[in-house]
Structure formats: structure tokens, C-alpha cells
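The block underneath contains the structure these notes are about, expressed in C-alpha cells.
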Amino acid sequence: MKSKIKTYRLLTFKFFLKTLFVLFLVLCLTLIITGIIKNLAGFWNNNYKSGYAGIVMLLISLYLFYNLGLTIYLYVKYLLHERNTKIQIDFKNETITMFKNSTYYVLDSQSLKSIEFYLSTKHYKNLLRNYGYTKLNTNDGKEFIITNFILNYRLIENMFCNVKKIKKLDEVIYLP
């Protein structure tokens, strides 16, 4: 019987859409900063209504800059980590093969010590909710990280029945 093997990698189309979205966020931040400068200039022209609008926009932009800036930072960090990674999962034999640059690693239940899932607790409408990763710890002390850019943790959550699984929750999941 043919074994069920699936390959996962960073998809070009998905990467392209995410990059367009990040560029859109950068454009929004630039437009907001330009509007703030224009409205704050109202104080120098004795147009206090415009100046106060600039202060309100400044407060809103600080909140947006934190969230959008953090989203851009995590996007770049996750992208750099996963750009040359390909993963093959054999669901029948319960093995994971990781191809990173020119080397590959085969992981199965005998070679794994534990699996840690780092998951975000952000609201489903928040931009940071999709950032998380799975850390595979081997018996010989090596650690392999698979981000949600390539593979959702739910695909390997039920594999490797005799391996210890740990779920760690946090609002923002930074890569180590």
C-alpha cells in the first residue's frame, strides 16, 4: 500500500500576498505620519482645531505603530527563518523529514524527546494571531523549529503518540 506523504513549504503565492499586505501596512503608516505632521502644523498657523486633530491622530498612530510594526517585525523574522525550509510528513509511518538548505533530518517517535507548541492567545481578528511555531526537541539535544508559515501545528498534534507534547500560550510569539 502506498504511504501518504505530504510536502509543505513556503508557497510563492502566499508569500507574495503576505508581502503585499506588509507593504500596504508600511504605506498606511507613512500616510498616517504625513497626516500627523500636517495636522500638528496647525498649531503654528493658529488653527487649533487641526492641531488637536493631529494630537488625536498621534495617539491613534502610536497604537497602530505598535501593532503594525510588531506585525511587520514578526513577518520578516518568520520569513527569514523559513525561506529555505521544506517539510515532508509521512502520516502512515509517522515521520517528519525536514530539508533546510542542503541538509535534511528525519524525525520519528524514537528520535523525538518532546514537541512544544507555541501558540498565540490573541483574538481571531488580530493580525498577530497567525504567528506561532512548533519546536521539535530530539533525544540528542537538537531543536527544530517549524513556523505556522509552513505548517499548522494541528497537522502534527496527533502524531507521535508516545512523545511528550507541551502547549505554551502567549499573546505574541517571538522566535528564539
Practice task
Using 0.36 nm per residue of separation minus the Cα-Cα distance, give me the extension gain between Tyr48 and Glu171 in nm, one decimal.
Solution key: 40.4 nm
Problem - q = 0.11, 0.13, 0.15, 0.19 Å⁻¹: log10 I(q)/I(0) that the Debye formula gives for the stretch 37-129, counting C-alpha atoms only - result: -0.60, -0.71, -0.83, -1.02
Completion exercise
Expressed per residue, the solvent accessible area of the chain in Å² (1.4 Å probe) is about 64
Handout entry: All lysines inside 18 Å of Lys38 as judged from Cα atoms, apart from same-chain residues fewer than 8 positions distant
Key = Lys49
Exercise for the section: Apply 1/(1 + (r/R0)^6) to the Cβ-Cβ distance of His123 and Leu17, taking R0 = 22 Å, and write down the FRET efficiency to the nearest 0.05. Expected result: 0.50
Practice task
State the Kirkwood hydrodynamic radius of the stretch 64-103 in Å, one decimal place, computed from all pairs of distinct Cα atoms.
Solution key: 12.3
Problem - Cα-projected label distance for Gln88 with Lys38, points at 7 Å along beta-carbon direction, nm - result: 5.6
Problem - Percent of C-alpha pairs per 10 Å bin, the chain, short to long - result: 9, 29, 27, 16, 10, 6, 3, 0, 0
Fill in the blank from the handout: Rounded to whole Å, √(5λ) for the Cα gyration tensor eigenvalues of the stretch 105-176, largest first, gives 23, 12, 10
Problem - Estimated inter-spin distance, Cys28 and Phe99, nm [label 7 Å along Cα→Cβ] - result: 3.6
Fill in the blank from the handout: The local net charge around Lys18, scoring Lys/Arg +1 and Asp/Glu -1 for residues other than Lys18 whose Cβ lies under 15 Å from its Cβ, equals +4
Fill in the blank from the handout: With Cα coordinates, the longest principal axis of the chain makes an angle with the long axis of helix 48-82, in degrees rounded to 10, of 20
Exercise for the section: Any aspartates and glutamates with Cα under 18 Å of the Lys165 Cα? List them, leaving off those in the same chain fewer than 8 positions away. Expected result: Glu94, Asp108, Glu116, Asp140, Glu143, Glu157
Fill in the blank from the handout: So, with points 7 Å from each Cα along the Cβ direction, the Cys161-Tyr66 label distance in nm works out to 4.7
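The values are calculated or read from the model by the stated rules, or taken from the named source; none is laboratory data. All figures in this text were calculated on a predicted structure; none of them were measured in a lab. All Cβ positions, even for glycine, are placed from backbone atoms using ideal geometry, and neighbour counts span all protein chains on display. Surface accessibility is based on the protein's heavy atoms, side chains included, excluding ligands, DNA and RNA. Shrake-Rupley method; radii C 1.70, N 1.55, O 1.52, S 1.80 Å.
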